[in-house]
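Novice: I'd like to ask some things about the structure below.
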There are 2 protein chains.
Amino acid sequence: MGEGYREEGDQMASDRGQRKSTIYDIATSTGTSPSTVSMVLNGTWRRYRISESTAERVLGAARAIGYAVNMKARGLRLARSGLAGMIMPHYRNRFFAGLSESFEAGARERGFCPMVVSTQRRPETEREVVERLLSHQVEFLFIVGVARPEPLNDLCRAAGTPCVNIDLPGANAPSVVSDNRGGAAMLTGLLLDKIAATGGGAGSGGADLHFLGGVAGEYATEERVAGFQEAVAGHGFTVSKTHIHRCGYSPATARQTVEEMHHRLGGMPAGLFVNSITAFEGAIQFFKSLEPDAFRDRFIGCFDWDPFAAFLPFPVTMLRQNVEAMIDQAFVYMEEYRVDACPMVKIPPQFGPSGTVPRHG
Amino acid sequence: MGEGYREEGDQMASDRGQRKSTIYDIATSTGTSPSTVSMVLNGTWRRYRISESTAERVLGAARAIGYAVNMKARGLRLARSGLAGMIMPHYRNRFFAGLSESFEAGARERGFCPMVVSTQRRPETEREVVERLLSHQVEFLFIVGVARPEPLNDLCRAAGTPCVNIDLPGANAPSVVSDNRGGAAMLTGLLLDKIAATGGGAGSGGADLHFLGGVAGEYATEERVAGFQEAVAGHGFTVSKTHIHRCGYSPATARQTVEEMHHRLGGMPAGLFVNSITAFEGAIQFFKSLEPDAFRDRFIGCFDWDPFAAFLPFPVTMLRQNVEAMIDQAFVYMEEYRVDACPMVKIPPQFGPSGTVPRHG
DNA sequence: GGACAACGCTAAATCCATTTAGCAAATCGG
DNA sequence: CCGATTTGCTAAATGGATTTAGCGTTGTCC
């Protein structure tokens, strides 16, 4: 074969209607060759001594028909897709929504088209989506909030695609997580201070402070429990295992757990450390049934942030994970990616609301 | 040219390291041709009389090297990218988060890889992102919450890509929106009934019910104002323009507006219709400063839903837009897309929480 | 035994953009 | 006026998967 581009004879291919226009169309209509068109559109034409007048002619024709490059073809040729992938459990809280938006901004800044897909925490979906993204040749992949990211890391490695774990760490890729332990210790310390200031809290050496939510054995939960216990011990209290309720993340079980706790104690504890916004949602479902007075001198902390939770009828201290810093770090890891290096960094969370809107990108 | 696939002589191309594996690799390693491999991997091999044993051999080799099809190449050949695009303002509320997740589930069900990109309501970003998605050959595009979608619709039309507007309608593509007018009338009626039941509300023929938030001239706002007024009139009250505060969507201005209103009235009105969750966020910033008693026999409604807002220290009636139905309808429009038809459908919103988790996909 | 079908597979064109090697014409130097 | 250079552009290969047309071999049937 090798007839190159379309010759005279079928000039009017445009009557095929909705076919997308290509550089061949532009070449025919301007009486030039596809190479010329490609060079002009890529801005490399000066280097190949295409004349100013030809360049203008081509550019004009391209604009006239609203030409847009076919990234499929370009990507195939250049082995660069221009796609940046990220998977995450869902978008239904500020942490994930913020990660998503920061990622998109960062990807766009770097000239990629962001591709975020949610997987509803289903391992099978996670795997399928990663395979899909890889087959679309994403140039790197951020894996957010996956309990066991190693199989996904391996998939990426097999495809030669850099990846970074975010929120939950994994052994087979660089990981960026919140400083769960430090943050939990900080929040716990703050609650203990508040309790102490009101003169309450110490019953027979143990602090009247409970930990609610999370999954036993899960990285983030155990880190936070450790920070919690560390702070409790640091304040001179003994640590009681019975004060720690790893009841999962679902609002329903958190609600039930907090209700039972309330029943057992005959009222609210002096302090409550809630491990996530979803557990918090469950807790306040129960709180709703209590008198406002039940919260006098009671202090609640939450390792997550939501604008509405800040306006509840009792004081809540919220920890906001530093979404922007996490994403920035993830990009750094991605840029210096080597298959053999799997560092892990812990980003300190911050108190209070502060904006979740990412940098403009 | 035309040497087809790699001949003897460079069998060991695999020493090039990280190159992704192709059907040519499989063909060489199994002693077959790329065509055969392609047919086997696509499941069309029986139709072309490939023997069972060859098929097994090829399949085995593919699995062994972890072969994944290159969607770039396939897409180029088939003029089908397998990509489904959606743009939306952001993910920071349940409405958008829900749309996003429903879309992803629907796209996956239909065999597409979803590609959701947020544009922060910046028209320039919207345009850029749409161009990008089109150049990646998305097979259709959902455009969510864009004030003036027509230029984007035109871009899609030029590319021969079907698109559907969601949340805010546009003249140049099918549109799926909430029944803003009907929903607003429903919510307004409910507030008026509650007010009437407490015996309050009627001051010199006008209802003591205010409308807060939204942008003058914007489609959704004006529809909701119309529904609001319709219901007020329907209850036998005269409609007062001074009760309608289109103060935008930002929490800050909503807060200020509601504060001024409170000052002017010397207290809370009997009813308050809040036009969006962000305006609501601003309003409760102010409410926080009031005594709980200020809300006795006061009724608040919000044309949006958030799980936390439901647990505030005063009753709020929330309208939840029917995200799943909207996305379903959008897929229907997409499937029966014709460039000349631009229908619009209004999906009734619903009271109360109900889940935002989309169908499993 | 010769025509024909069935079988099992492959060659080659195609999708579109990129890029290197190189061709023909114009210009220049001497 | 001839060889050398510059100018302005094009041919053709490339990337990976798909798909139609068709090739060689074996088996069947009259």
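Novice: Restricted to the range B:31-60, and to residues that are more than 23 Å from residue A:132 (Cα to Cα) and in contact with a Phe, Trp or Tyr (Cβ under 7 Å, 6 or more places away or on another chain), which residue is nearest to DNA strand D (Cβ to nearest atom)?
Specialist: Taking the candidates together, the pick is B:33.
Novice: With A:281, A:222 as the choices, which residue is among the acidic types (Asp, Glu), within 14 Å of chain B (Cβ to nearest Cβ) and buried (at least 16 other Cβ atoms within 10 Å of the Cβ)? I'd like the intermediate steps shown before the answer.
Specialist: Numbers: A:222 fails: within 14 Å of chain B (Cβ to nearest Cβ).
When all the criteria are applied, what remains is A:281.
Novice: Looking at the range B:61-97, which of its residues are more than 21 Å from residue B:133 (Cβ to Cβ), more than 16 Å from DNA strand D (Cβ to nearest atom) and in contact (Cβ under 8 Å) with a residue 12 or more places away in the chain?
Specialist: Those that are more than 21 Å from residue B:133 (Cβ to Cβ), more than 16 Å from DNA strand D (Cβ to nearest atom) and in contact (Cβ under 8 Å) with a residue 12 or more places away in the chain: B:93, B:94, B:95.
Novice: What do you reckon, is residue A:288 among the basic types (Lys, Arg), surrounded by fewer than 21 Cβ atoms within 10 Å (Cβ to Cβ) and touching a residue at least 60 places away in the same chain (Cβ under 8 Å)?
Specialist: Answer is no for this residue.
Novice: Could you list all residues from the range B:23-37 that are surrounded by fewer than 18 Cβ atoms within 10 Å (Cβ to Cβ) and either under 44 Å from the mean Cα position of the chain (by Cα) or of a type in the set (S, T, N, Q) (or both)?
Specialist: Hits for the range B:23-37 are B:24, B:33, B:34, B:35.
Novice: Could you tell me how many of the residues in the range B:61-98 are within 16 Å of DNA strand C (Cβ to nearest atom), at the interface with chain A (Cβ under 9 Å from one of its Cβ atoms) and of a type in the set (A, V, I, L, M)?
Specialist: Looking only at that region, the number is 6.
Novice: If residue A:273 passes every condition in (1) away from chain B (no Cβ under 14 Å); (2) in contact with a helix residue (DSSP H, G or I) (Cβ under 9 Å, 6 or more places away or on another chain); (3) part of a helix (DSSP H, G or I) but one, which one does it miss?
Specialist: For residue A:273, the exception is condition (3).
Novice: Which of (1) outside the structural domain of residue B:243 (by TED's automatic domain parsing); (2) in a helix (DSSP H, G or I) does residue B:337 not meet, given it meets every other one?
Specialist: Only one criterion in (1) outside the structural domain of residue B:243 (by TED's automatic domain parsing); (2) in a helix (DSSP H, G or I) is unmet by residue B:337, namely (2).
Novice: Same structure again: Identify all residues within the range A:343-361 that are touching a Gly at 6+ places or on another chain (Cβ under 8 Å), assigned to a loop (DSSP other than H, G, I, E, B) and at pLDDT 85 or above; write none if there are none.
Specialist: A:348, A:349, listed by residue number.
Novice: Specify which of the listed residues (B:28, B:54) is assigned to a helix (DSSP H, G or I), among the hydroxyl-bearing types (Ser, Thr, Tyr), more than 8 Å from DNA strand C (Cβ to nearest atom) and modelled with pLDDT under 95.
Specialist: On the way: B:54 fails: more than 8 Å from DNA strand C (Cβ to nearest atom).
Of the residues listed, the single one that is assigned to a helix (DSSP H, G or I), among the hydroxyl-bearing types (Ser, Thr, Tyr), more than 8 Å from DNA strand C (Cβ to nearest atom) and modelled with pLDDT under 95 is B:28.
Novice: Quick test of your reading of the structure: residue A:329 fulfils all but one of (1) modelled with pLDDT under 90; (2) within 22 Å of residue A:98 (Cα to Cα); (3) in a helix (DSSP H, G or I). Name the failing condition by number.
Specialist: The single condition residue A:329 does not satisfy is (1).
The values are calculated or read from the model by the stated rules, or taken from the named source; none is laboratory data. None of these values were measured; they are calculated from a predicted model. Methodologically, a virtual Cβ is constructed for each residue, glycine included, from the backbone with ideal geometry; neighbour enumeration extends over all protein chains shown.
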